[in-house]
1. Sorting 90, 323 on the 10 Å Cβ count, fewest up front, what's the list?
2. Roughly how many Å is it from the Cα centre of the stretch 75-93 to that of the stretch 304-351, as a whole number?
3. Once the Cα atoms of the chain are picked out, what are the Rg and Dmax in Å?
4. Go ahead and estimate [θ] at 222 nm for the chain from helices alone: -39,500 (n - 2.57) per DSSP H run with n ≥ 4, summed, over the residue count, rounded to 500.
5. Under 20 Å from a label point 7 Å along Cα→Cβ of residue 26: give me every residue in the stretch 164-184 with its amide N that close.
6. Which whole-number percent is the relative contact order of the stretch 236-279 (Cα, under 8 Å, 6+ apart)?
7. If the viscosity is 0.890 mPa s and the temperature 25 °C, what Stokes-Einstein diffusion coefficient in µm²/s follows for the stretch 146-197 when Rh is the Kirkwood radius over Cα pairs?
8. Using a 10 Å cut-off around each Cβ, can you sort 53, 36 from fewest to most neighbouring Cβ atoms?
């Protein structure tokens with residue numbers, strides 16, 4: 001899987017470059033240097049976590065499939081079987097995605113993907129590090145139905161790659177496609193913090209799940225992107241840990257054990273009765289300017305150079321990761337994390 005992603009990266013890069021150039025030409029540049037590097041950093045971190053947690057990527061699925069599959073794998077051969085497995089994966093992903101917005105502990109893992117206050121193709125690569133680890137059980141029904149592990153992995157790649165193109169502001173409404181598929185218009189709604197848009201349009205490929213289960217909203221007003229409580233940092237580790245820290249503070253602030261547990265399982269916005277709200281009123285959040293503190297030109301150039309070096313090293317590591325031992329992969333993941341943290345630190349230097 002790592003090799004497939006590495007082959008896809010040049011295509012992603014060219015698409016981002018084309019989107020940036022188109023936006024500049026049309027006077028609608030939706031990119032910011034620090035934000036883009038932050039999103040790409042999260043994508044690299046997610047790959048590092050995938051390498052060091054193979055059990056939660058395909059290992060758990062393969063184990064359940066080998067022991068508990070109810071139907072023969074041959075049932076899923078051919079074009080029909082592949083399409084069916086993609087639809088099944090998309091259905092399971094809908095419920096994982098919805099749970100990740102409706103349960104605080106799952107939201108803590110998923111929030112990384114929503115932290116960008118821009119919406120462009122680089123946002124698609126802002127993948128969550130712990131999302132696949134926590135979400136692995138949601139796909140086990142496919143194993144029980146006999147979908148082979150390799151086909152499960154292929155379906156996951158199809159769903160992942162499909163979502164790349166829908167992260168853009170440069171494609172408008174698409175008629176009947178908006179009623180069936182997840183499209184840029186539908187997905188802009190999903191990334192917005194506008195009151196009517198929050199927690200809507202979870203479908204990765206098909207938006208029909210949202211229409212069936214009451215979570216659909218049409219795009220009717222300009223979107224304001226990000227999270228209700230903005231990240232306001234270029235530190236990639238702060239991005240991963242932001243909402244976990246918030247849950248820790250909420251749990252410590254209430255003396256009742258039952259409320260400490262409710263903090264984890266109830267909605268991300270739920271607070272114990274004795275904990276005062278800290279998030280700004282939603283109207284104030286909608287009027288808030290994007291986080292974009294200026295950094296010195298030299299620091300920005302150094303950040304670009306360091307990120308390029310770190311990304312190249314990450315690519316070389318991912319190419320050989322399957323042949324390395326666990327300790328070597330952990331060390332490589334640590335070096336990658338350090339390089340990305342240093343990149344964020346350079347972008348955070350005051351002008």
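1. Fewest-to-most ranking of 90, 323: 323, 90.
2. With the stretch 75-93 and the stretch 304-351 each reduced to a Cα centre, they are spaced 35 Å.
3. Values for the chain (Cα only, Rg and Dmax): 20.4, 62 Å.
4. Details: 17 runs with 211 residues, N = 351.
Dividing the helical sum by the residues of the chain leaves -19000 deg cm²/dmol.
5. 164-179, 182-184
6. Numbers: 23 pairs, mean separation 14.0, N = 44.
Worked out over the stretch 236-279, it gives 32 percent.
7. 194
8. Values: 53 15, 36 22.
So the residues, fewest neighbours to most, are 53, 36.
Every number here is computed from the coordinates shown, using simple stated rules; none is lab data. Predicted model, so just to flag it, every value in this text is computed and none were measured. Backbone-built Cβ (ideal geometry, glycine too); neighbour counts: all protein chains shown.
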